[in-house]
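The values are calculated or read from the model by the stated rules, or taken from the named source; none is laboratory data. Quick caveat, the model's predicted, so the values are computed rather than measured. All Cβ positions, glycine included, derive from the backbone under ideal geometry; neighbour counts span all protein chains shown. Heavy atoms of the whole protein, side chains included, go into the accessibility calculation; ligands, DNA and RNA do not. Shrake-Rupley method; radii C 1.70, N 1.55, O 1.52, S 1.80 Å.
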Amino acid sequence: MEIVKIGKEAMKKNENFADKNNKLLTDNDIFAVDVMGSVGSGKTSIIKQIIKKLKNKQRIGVIAGDLTTEIDARRIEEEGVPVIQIQTGRVCHLDAGLVQKAITKFNLADIDLLFIENVGNLICPAGCPIGAHMELVVTSVTEGPYMIQKHPPMFQRADTVAMNKIDFAEKMEISIENFKEDLSKINPTSKFVGTNGLTGEGVEELIECMNLPQ
Ligand SMILES: Nc1nc2c(ncn2[C@@H]2O[C@H](COP(=O)(O)OP(=O)(O)OP(=O)(O)O)[C@@H](O)[C@H]2O)c(=O)[nH]1
Ligand SMILES: [Mg+2]
C-alpha cells in the first residue's frame, strides 16, 4: 500500500511540473511537440526532416533525451538549430522536471516551435506527461506488424502517428493500411502518415496533419 501511495505522489508531482511547463511554453508563444517512439524508429531523423522543411519559416529548438550520449543532439545541431541534451542515465523516459530544466536553458524569446525527443521506447513515456502541446509517435515498419495493437497506452495518447521506414514495407511484407486500421480502432482521432526519415517522403503531409505553425 505504501508503494502505491508513493507512486501516486510522484505522478502528481510530475503532473504539476508538466502543467508549469505547458504554461511557461504557452506564455512564451512556443508550440511544443513530445516526440515518442521505439528505440531506432526514426525520431531524430523525422525531427531533422521537419527542421529542414520549416527552419526558414519558424525558429525551432530541440530537446534531445537519451540515456548517456550526445549523438542525437549533434545530429540535430547539423541543421543549425539550438539543442539541449538531457541525459537520463538509466531512466527510460523524460519527466516534466527534467524537461523544465532544459526549457529554461533556451532563450525562450527566440523559439517558436520546440521538439522534445523522448527516450526511445513505446512503454514508459506513455505514463509521463511533460507539458507538450502535442504528442507525435514515430514507429516503424521494421518493428513488425503488431506494434500499434501491442502498445495501446502509447497509441491512445498520440495526436499523430508517423509510420516510418515505409521503404521496408514490401521486404517486411507489411501493409501500411493495416497499421492505419489498427490505430483507428484504438484512437479514432489520431492522424496517421507514412514517412521515410531518410528521404523526407511524407514529411510535408506529416507537418500538415500536425497543423504545425508554418
Ligand atoms: N531505411 C530507412 N532507414 C531509416 C528511416 N528513418 C530513419 N532511418 C535510419 O534508422 C536509424 C535510426 O534512426 P534514428 O532517427 O536515429 O532513430 P531514433 O528513433 O531517433 O533512435 P533512438 O534515439 O536511438 O531511439 C538510422 O540509421 C536512420 O538513418 C527510414 O524511413 N528508412
Ligand atoms: Mg534519436
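Whether any residue in the range 172-184 is of a type in the set (Lys, Arg), within 24 Å of CYS124 (Cβ to Cβ) and either open to solvent by 80 Å² or more (accessible area, probe 1.4 Å) or under 14 Å from the mean Cα position of the chain (by Cα) (or both) is what I want to check. There is no residue in the range 172-184 that is of a type in the set (Lys, Arg), within 24 Å of CYS124 (Cβ to Cβ) and either open to solvent by 80 Å² or more (accessible area, probe 1.4 Å) or under 14 Å from the mean Cα position of the chain (by Cα) (or both).
Taking GLU77, is it without any contact (Cβ under 8 Å) to a residue 12 or more places away in the chain and acidic (Asp, Glu)? So GLU77 fits the description; yes. Kindly evaluate ARG74 against the criterion of being open to solvent by 60 Å² or more (accessible area, probe 1.4 Å) and within 16 Å of ligand 1 (Cβ to nearest atom). The answer is yes for ARG74.
In this structure, VAL203 does satisfy being more than 21 Å from GLY127 (Cα to Cα) and open to solvent by less than 50 Å² (accessible area, probe 1.4 Å).
Restricting attention to the range 31-41 and to residues that are over 18 Å from ILE103 (Cα atoms) and open to solvent by 10 Å² or more (accessible area, probe 1.4 Å), the residue that is farthest from ligand 2 (Cβ to nearest atom) turns out to be SER38.
For the range 48-71, a residue qualifies if it is within 13 Å of ligand 2 (Cβ to nearest atom) and charged (D, E, K, R), and the qualifying residues are LYS48, ASP66, GLU70. Report yes if GLU170 is under 19 Å from LYS53 (Cα atoms) and without any contact (Cβ under 8 Å) to a residue 12 or more places away in the chain, otherwise no. No; evaluated as a whole, the condition is false for this residue.
Going by the conditions given, is ASN14 modelled with pLDDT under 95, crowded, with 16+ Cβ neighbours inside 10 Å, within 21 Å of THR104 (Cβ to Cβ) and not charged (D, E, K, R)? Against the criterion (modelled with pLDDT under 95, crowded, with 16+ Cβ neighbours inside 10 Å, within 21 Å of THR104 (Cβ to Cβ) and not charged (D, E, K, R)), ASN14 qualifies. Anything in the range 50-63 that is touching an Asp or Glu at 6+ places or on another chain (Cβ under 9 Å) and surrounded by 19 or more Cβ atoms within 10 Å (Cβ to Cβ)? List them, or say none. The answer is ILE51, ILE60, GLY61, VAL62, ILE63.
For GLU135, the conditions (1) out of contact with any Phe, Trp or Tyr (no Cβ under 9 Å at 6 or more places or on another chain); (2) more than 16 Å from ligand 1 (Cβ to nearest atom) are fulfilled apart from (2).
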